[in-house]
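Please read the structure below before turning to the comments.
Every number here is computed from the coordinates shown, using simple stated rules; none is lab data. The structure displayed is predicted, hence computed values, not measured ones. Note that each Cβ is placed from the backbone with ideal geometry, even for glycine, and that neighbours are counted across all protein chains shown.
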Amino acid sequence: MRFRAKIVDLACLNHFSRVVNTIARLARTCTLRLTVSKLYFILSDKVANGGVSMWCELCQGNFFDEFQMEGVAAEHNEIYLELVPENLSRALKTAQNAKAVKIKLTNKHCPCLRVAVELPSLSSSSRTVTHDIPVGVIPRRLWNDFREPSVPDFDVSIYLPVLKTMKSVVERMKNLSNVIVIEANLNGEMNLKIETDLVSVTTHFKDLGNPPWASEDGCQSSAQGRDLESMAEARIDIKKLQQLLAGQQVNPTKALCNIVSKRIVHFILLHEDVSLQYFIPALA
Amino acid sequence: LSRIGDELYLEPTESGLSLRAVNSSRSAFASFLFAPLFFQLYEPGGPAPDTERFRCKVHMKSFLGIFRSLPSLEKSVGKCLILLKPRASRLVLQLHCKYGVTKTHNLAFQECERLQAVFDTRSCSSRLCAPARVLADAVVHFPLTLAEVTLGTGPGGKISLRNYMEDEAEPSKTMMTELCLAEDEFQSVAVSPGSRITFCLKEFRGLLTFAEASNLPLTIHFDEPGRPVVFTLDDTVLEVHLVLATLSDLESDSQPAPTNGVSHLPAPPDDFADDLESYMAALETSTYEGATGRPPSPTFPLHSPRTGQSDPEEGEEDEDGAVPGTPPHKKFRSLFFGSVLTPGGPGLAPTQEVLAEDSDGE
């Protein structure tokens, strides 16, 4: 089981750093899954996480100039690692003008991801900074815990408003309440509501548009035949929503959410080469 | 100086005005000596040539408060006069500003013994000199909350800076960062092979900020672990010394480090370490405790508050700010402080670890 990768292009490095920073804001520890063509940052829905789960997928070719991966076995050519994304974020933080960044899986005293940053210096040889990030290797028998979550049978699917606006609204609401209600309908309307003993605040968004979901067998989900004006809603922990919105460092190409009434909200944020799915369960 | 201690010691001497500070655990000391040429007027005072020079200390915060906003000071202040009035027990700072405005600050002071850490840079076996910029750039890779770093010779004849892991920290859970600087990044390198010292970052960072701002090269003098490390900045009108205690006990050093005495090791071939086949085999066959049966997860280490001893003489608690300073860790040897007393006073052996400030004991 080996892994070696190298980034030489600064734009790719910054892009990768941004992705890692976003992940670091969403999860304290998560699973990094490496395959021949892709990297995944996965958080499965354990009670400890408050029931949220995350699935982030990147094509390695868009970031790495070199990428060699040998999985645990020929027929299971993948590697699953548990790590603290904040460590990776920190290691990449001071690599902003690096000549090259190499990432390697090593096992000197314990399994580590070794991030070696080669920095320009005034002297003849470059300066190198090495960060050894301890990781946990996840054995094959546990890989089932990390399967890609399926798109839930949602009631309403709607494009999100401009994330910056949504973020500032949610941040202000966070000061007033711990719980927020997201409701939306198939008419492109979304409301964010909080209600406390003293005050209730609702922000209305309209003309957001609803993404067309074509399902494989031709028949729609429970969204079919639904009254356009009827709102599907879910009460969720406002902090989780705020974390998701605050973690976005770049505006996504597409941002939408699927609401299963009173059950779960499924957010999908798509960039050119990264996709992020985030599930926030509804509170009782 | 305020990064080190809460009290500012002022000592006018023939060779200039010395400002000093020491931390509560006596493990960090700094002195700034401003030569007479630095000032427009410098009168160390004292009517007779061999009267004991007057020394005092003031509260750091009070002193700093006078110089609070540098940009506005630079614009409005023409002259600054510092006067020591022993009989009035006041240190007078007078700022002569624009438009005829004069701000006079009278600070209460305490008489004190001479604060002097015992050190000798000439007896240090190793010395490094580098532009402050190089060292500042090096230190930036370490998190602000990191307490200690280890400086020493690294693989390939380079100088390495590494975060120090406390004994209590588990290596499998802590992120390790190492920075290697080539010898030619330094202005001069004279280190004994295999030498390594561990010291606190906080005060060092403070000095680096000053050094960078004044564009002076920084010289690091060090010796064996346990003996203090001395950082110096030299200029025609200013001489700066920062003395930090270093960790003395290296036996329990849990870091993977090159063995002492071998400094020019090539980077060890680590291809074998990159193949985790044997690790995987062990993983698949062993059994684990716990519901999920996963290997222990690395968690982001929380910096645990220091449980060092507080200085018994002072009876103060170590301030537990967000960033720990050089702690009263039992493994850090406190710096030796000499106590220069007038004859007839109580004799203190120079190797005493305590600075006795007995303002009313003479």
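Rank these for me by crowding, B:Ser24, A:Ser126, going from fewest to most other beta carbons within 10 Å. Present the calculation step by step, with values, prior to reporting the outcome.
Numbers: B:Ser24 21, A:Ser126 15.
Listing B:Ser24, A:Ser126 from fewest to most nearby Cβ atoms yields A:Ser126, B:Ser24.
Electrostatic bookkeeping for A:Asn185 treats Lys and Arg as +1 and Asp and Glu as -1; over the other residues with beta carbon under 11 Å from its beta carbon, the sum is -4. To the nearest 0.05, what FRET efficiency results for A:Ala48 and A:Val151 with a Förster distance of 22 Å applied to their C-beta separation? Here the calculated transfer efficiency is 0.35. For chain A, dividing the convex hull volume of the Cα atoms by the residue count gives 154 Å³ per residue.
In plain terms, the bigger the Kirkwood radius, the slower the diffusion; for segment A:156-281, with that radius from Cα pairs, at 4 °C and 1.567 mPa s, Stokes-Einstein puts D at 86 µm²/s. Placing a pseudo-label 7 Å from each Cα along the Cα-to-Cβ vector at A:Glu229 and B:Ser72 gives an inter-label distance of 6.0 nm. Calculated FRET efficiency, B:Thr121 to B:Tyr42, Cβ-Cβ distance, R0 = 30 Å: about 0.70 to the nearest 0.05. Listed from fewest to most Cβ neighbours within 10 Å, the set B:Thr104, A:Thr203 follows the order B:Thr104, A:Thr203. Fewest-first ordering of B:His241, B:His59, B:His221 by other beta carbons within 10 Å of each residue's beta carbon gives B:His59, B:His241, B:His221. The mean number of partner chain beta-carbon atoms within 10 angstrom of a residue's beta-carbon across peptide B:176-187 is 6.
The number of Lys pairs in segment A:168-284 with C-alpha atoms less than 18 Å apart, excluding pairs fewer than 8 positions apart on the same chain, is 10.
Between A:Asn97 and A:Leu176, what is 0.36 nm times their sequence separation minus the Cα-Cα distance? Round to one decimal in nm.
Numbers: separation 79, 0.36 × 79 = 28.44 nm, distance 4.14 nm.
Here the answer is 24.3 nm.
Expressed as a whole percent, the proportion of Cα-Cα pairs in segment B:7-111 lying more than 24 Å apart is 27%.
Give the longest segment of chain A that steers clear of trypsin sites (Lys or Arg not before Pro) in DSSP loops with at most 16 neighbouring Cβ atoms within 10 Å, not counting the sites themselves. It runs A:148-205. Extension gain for A:Ser125-A:Thr202 works out to 21.8 nm (0.36 nm per residue, less the C-alpha to C-alpha distance).
Counting every pair of alpha carbons in segment A:104-176, the share spaced more than 19 Å apart comes to 71 percent.
Rg to Rh for segment B:126-247: what is it, with Cα atoms only and Rh by Kirkwood?
Expressed as Rg/Rh, it is 0.95.
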